[in-house]
Amino acid sequence: MTVRVQEADFDLAEELAALRAGDARVGALASFLGLVRDISDGAGISGMTLEHYPGMTEKALEEIVASARGRWEIYDALVIHRIGPLKPCDQIVLVAVTSAHRGTAFAACEFIMDYLKTRAPFWKKEATADGGRWVDARDSDDSAAARWQP
């Protein structure tokens with residue numbers, strides 16, 4: 001299990017290859033890559049800045065991955081979340097999961113992403129033509145995470 005919070009960009013192909021390298025048990029690798037859009041809530045954005053709470057953020061991400069491991073038989077997981085200034089088309093987040101079968105990998109990957117959006121301490125500030133604005137939590141993210149409740 002690897003969790004990284006970093007300013008630097010990452011190479012998607014390298015990260016996915018390293019996640020499954022040498023593990024012949026792996027029959028499935030599911031991943032999600034989040035990108036910066038140039039529009040949000042109907043307004044154009046020229047970029048965004050992501051902030052986090054160091055130490056607490058990594059711990060929250062590790063707990064989310066541990067929860068996924070408790071629910072599904074996954075072999076490995078990777079979460080990379082960028083912080084700092086980003087512009088449209090930049091990569092923000094990568095969640096990837098390996099398992100024996102695709103259903104398990106898809107479910108665990110989606111679970112990690114849903115919980116990351118609602119439980120990890122990140123804050124986003126978008127740059128718009130009218131100035132900066134903080135991004136509020138979305139009801140749709142809460143609804144997505146709620147479906148995993150027992």
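The values are calculated or read from the model by the stated rules, or taken from the named source; none is laboratory data. Owing to the predicted nature of the structure, the values given are computational and were not obtained by experimental measurement. Heads up, the Cβs are rebuilt from the backbone with ideal geometry, glycines too, and the neighbour counts pull from every protein chain shown.
Criterion first (assigned to a loop (DSSP other than H, G, I, E, B), out of contact with any Cys (no Cβ under 8 Å at 6 or more places or on another chain) and surrounded by fewer than 18 Cβ atoms within 10 Å (Cβ to Cβ)) does Pro150 satisfy it?
yes
Is it the case that the range 109-132 has a residue that's exposed (fewer than 13 other Cβ atoms within 10 Å of the Cβ), over 14 Å from the mean Cα position of the chain (by Cα) and part of a strand (DSSP E or B)?
Scanning the range 109-132 turns up at least one residue that is exposed (fewer than 13 other Cβ atoms within 10 Å of the Cβ), over 14 Å from the mean Cα position of the chain (by Cα) and part of a strand (DSSP E or B).
How many of the residues making up the range 1-23 are among the charged types (D, E, K, R) and either without any contact (Cβ under 8 Å) to a residue 12 or more places away in the chain or loosely packed, with under 14 Cβ neighbours inside 10 Å (or both)?
Result for the range 1-23: 5.
Suppose we keep only residues that are under 23 Å from Met56 (Cβ atoms) and in contact with a strand residue (DSSP E or B) (Cβ under 6 Å, 6 or more places away or on another chain) within the range 133-147. Which one would you say is surrounded by the fewest Cβ atoms within 10 Å (Cβ to Cβ)?
Among those residues, the one meeting the criterion is Trp134.
Scanning the range 1-59 for residues that are within 26 Å of Pro88 (Cβ to Cβ) and among the hydroxyl-bearing types (Ser, Thr, Tyr), which turns out farthest from the chain's Cα centre (by Cα)?
Ser46
Where in the range 1-89 are the strands (runs of 3 or more DSSP E), entirely inside, with at least 3 residues that are among the aromatic types (Phe, Trp, Tyr) and farther than 18 Å from Arg102 by Cα?
none
Which of (1) among the aliphatic types (A, V, I, L, M); (2) over 21 Å from Leu35 (Cβ atoms); (3) modelled with pLDDT of 95 or more is the odd one out, the single condition Ala146 does not satisfy?
(3)
Among the residues of the range 95-107, which ones are crowded, with 21+ Cβ neighbours inside 10 Å and not in a helix (DSSP H, G or I)?
Val95, Ala96, Val97, Thr98, Ser99
Any idea which of Thr98, Thr118 is in contact (Cβ under 8 Å) with a residue 40 or more places away in the chain, closer than 30 Å to Gly27 by Cβ and of a type in the set (S, T, N, Q)?
Selected residue: Thr98, the only one of Thr98, Thr118 that is in contact (Cβ under 8 Å) with a residue 40 or more places away in the chain, closer than 30 Å to Gly27 by Cβ and of a type in the set (S, T, N, Q).
Got a sec? Which of Ala100, Ala108, Ala68, Ala60 is modelled with pLDDT of 95 or more and in contact with a Cys (Cβ under 9 Å, 6 or more places away or on another chain)?
Ala68
When you go through (1) without any contact (Cβ under 8 Å) to a residue 12 or more places away in the chain; (2) touching a helix residue (DSSP H, G or I) at 6+ places or on another chain (Cβ under 8 Å) one by one for Trp72, which number turns out not to apply?
Result: Trp72 passes all but (1).
Would you be able to say whether some residue in the range 25-41 is of a type outside the set (Asp, Glu), under 22 Å from Tyr115 (Cβ atoms), exposed (fewer than 15 other Cβ atoms within 10 Å of the Cβ) and in contact (Cβ under 8 Å) with a residue 60 or more places away in the chain?
no
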